[in-house]
Structures are given as C-alpha cells and as structure tokens.
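I have placed the structure first, in the form of structure tokens, so that the comments after it can refer back to it.
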Amino acid sequence: MKMTSIKMKNILQERLQRDEWKTVYNRDKDTFRVEWKDSGKGITITLPNVVSKYENRGEKAVDELEGHVQEALRVMNETHELSGKEQHIYPVIRAASFPTETENGKQLVVEEHTAETRIYYALDLGKSYQLIDKDMLDRERWTEERMKEIAGFNVRSLSVDLKKDTVYGNDFYFQSAQDGYDASRILNEVLLEKLKVEFEGELAISIPHQDVIIFADIKNPEGYDILAQMAMKFFAEGLVPVTSLSFLYEDKQLEPIFILAQKRPKQNRKGDE
C-alpha cells in the first residue's frame, strides 16, 4: 500500500512518543514537529521528504530519522561549552537556504562559501553535534576568528580514504566516512591542491549531501554528465542534502557546473575543439 503523509505522521507519532515531549501535526504545511514540553525546543520534519526517502529505502530511512530526532532533541536540552573541546570543533557545509539562526532566534556563526552553499560551525558531541551560535562565543569570550582557525585545522586533520571508480575514461573518487564531515573536506585546500596536481583532466567536486564528497578527474565531455547523474542520485538519498550541483576547482576557486540532464550535441560539449 502506498505511503502517504498521514500514514508517515502516524508512524512517527508512535515511534516518537515520550512523556516529556509533545508532537504537533501541521496539515497545511505537511509537517510533523517534536519538541520538549518545558522549553518548546524541537525539530520540525517535512513529511513529503520522509515519504520520498521511505519509498527509496524503506524502513531503514525511518529508523535513521528516528535516531536523528532523538539525538537532536537530547542535544537541544543540554548546555555545551567550547573551552576544552577545541579538537571537536569542525566546519559543516549546508545549502544556502539553510537557516542562519536557531528556532529561538540565536544567530548561528555563518560564512559564505558558494552561491549554493554556506559554512556553519559545529561542536561534535559523538553521535551528533551542535551548531555554534554567536551567544556561545560571547559566553566564553571567543572570537569568530579563533573558532574558525581551530575548525580549519581540524578539518585538515580528518582522514581521507577515497574509493575509485572509472566510467567512460573518467575517474571518480568517493569519500564517505559517515563521520558527519565528508562534505566538509571540500574546505581542505591542501587536499584540493594535491588532487589538482595529480589529476590528468579537470578537477570537479560534488557535495550532494553531508555524508559524501565526490572528486572527479574529468578527462572527456561525458564525465560532466556522469558526475551530474551521480550528484542527483546522492542528493535525493541524503539525510542532510546540500546541493545537486557540482563545482570545478580552478585557481583555488569553486565555480558551479551547469549541466543539462539530457545528452547534448557533441559540438556543444565542453572540451571539444
């Protein structure tokens, strides 16, 4: 039987039932919210997105969402300090449409990245993390510059374990450690410069969701189409989607690649003489 928003709402309501939480279904917006009764802090779920993931991945998608919501709510109900936890501060990549303040109005620390993406900063808490807001910095008398410098050092220290796949003469390298910072590795300029030197063709990068980054050695025009298809597939499957667009890395800059989904005439393809 086909899954619907109402059916998914009922499933989540049953799974996320706690005495200290309350749930709210908004029929007009097609959303389902879980929040702490005492503070009102919570998380809002867009039901059609969950239904789509369920249709692609089944119960596993709901299991992952349940765990994510439980952990997010736990973190919301705690106060965390940055001092003494410097090695657990990382940058995270989010879509440009991602909110720049928390639900209770606190300004998150945000840095522009590309037209499609922004950089946020997170305190890693093991199974989850808390995005860093300006109040946290003020409370501990930290400057943004200090925090960003620490985060930049930490992202360069993350392990890189690339899996290679070759399609139509183009090489694709996948990083998916599932540590929450796979997409953040696009901020490791040392890694990008190393790949730029090693690759035979153009270096293209895709960050379709938080838990994967694709580095592509594009050697012929077909490579761009293949990368676009890969990015779209991963984007649809990700728990925290970022962007379905890919980027070319040139002169230490990221430029978005706009690729038509359909096959284009050879004379219009990039790289043809």
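The values are calculated or read from the model by the stated rules, or taken from the named source; none is laboratory data. Given the structure is predicted, the values throughout are model-derived calculations rather than measurements. Positions of Cβ are generated from backbone atoms using ideal geometry, with glycine treated the same way; all protein chains shown enter the neighbour counts. All accessible areas refer to the heavy atoms of the entire protein, side chains included, with ligands and DNA or RNA removed. Shrake-Rupley method; radii C 1.70, N 1.55, O 1.52, S 1.80 Å.
Table: residues versus (1) at pLDDT below 95; (2) touching a His at 6+ places or on another chain (Cβ under 7 Å); (3) under 27 Å from Arg57 (Cα atoms).
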position	(1), (2), (3)
Leu203	no, no, no
Val212	no, no, yes
Phe215	no, no, yes
Lys233	yes, no, yes
Pro241	yes, yes, yes
Leu245	yes, no, yes
Pro256	yes, no, no
Ala261	yes, no, yes
Pro265	yes, no, no
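With respect to Gly169, is the statement that it is on the phi > 0 side of the Ramachandran plot, touching a residue at least 60 places away in the same chain (Cβ under 8 Å) and of a type outside the set (Val, Ile, Thr) true? So Gly169 does not fit the description; no. Within the range 97-133, being open to solvent by 50 Å² or more (accessible area, probe 1.4 Å) and acidic (Asp, Glu) holds for Glu101, Glu103, Glu111, Glu112, Glu116.
With the structure loaded, tell me whether Val197 is modelled with pLDDT under 95 and in contact with a Lys or Arg (Cβ under 7 Å, 6 or more places away or on another chain) or whether it fails that test. No; evaluated as a whole, the condition is false for this residue. Note on the range 1-35: residues that are in contact with an Asp or Glu (Cβ under 6 Å, 6 or more places away or on another chain) and not charged (D, E, K, R) amount to 1. Where strands (runs of 3 or more DSSP E) fall entirely within the range 1-96, those with at least 3 residues that are open to solvent by less than 40 Å² (accessible area, probe 1.4 Å) and of a type in the set (A, V, I, L, M, F, W, C) are at 31-36, 89-95.
Checked against the criterion of being of a type in the set (Gly, Ala, Ser) and under 19 Å from the mean Cα position of the chain (by Cα), the range 186-201 contains not a single residue that satisfies it.
The set of residues in the range 143-156 being under 19 Å from the mean Cα position of the chain (by Cα) and open to solvent by 10 Å² or more (accessible area, probe 1.4 Å) consists of Lys148, Gly152, Asn154, Arg156.
State which residue is farthest from Leu47 (Cα to Cα) when the search covers only the range 223-260 and only residues that are open to solvent by 40 Å² or more (accessible area, probe 1.4 Å) and of a type in the set (D, E, K, R). Only one residue fits best here, namely Asp251.
Just so you know, in the range 95-142 the residues that are hydroxyl-bearing (Ser, Thr, Tyr) and modelled with pLDDT under 95 include one that is farthest from the chain's Cα centre (by Cα), and it is Thr102.
Considering the range 167-193, the residues that are touching an Asp or Glu at 6+ places or on another chain (Cβ under 9 Å) and either assigned to a helix (DSSP H, G or I) or among the hydroxyl-bearing types (Ser, Thr, Tyr) (or both) include one that is surrounded by the fewest Cβ atoms within 10 Å (Cβ to Cβ), namely Tyr168. Taken across the range 138-150, residues that are touching a helix residue (DSSP H, G or I) at 6+ places or on another chain (Cβ under 6 Å) and not hydroxyl-bearing (Ser, Thr, Tyr) do occur, with at least one present.
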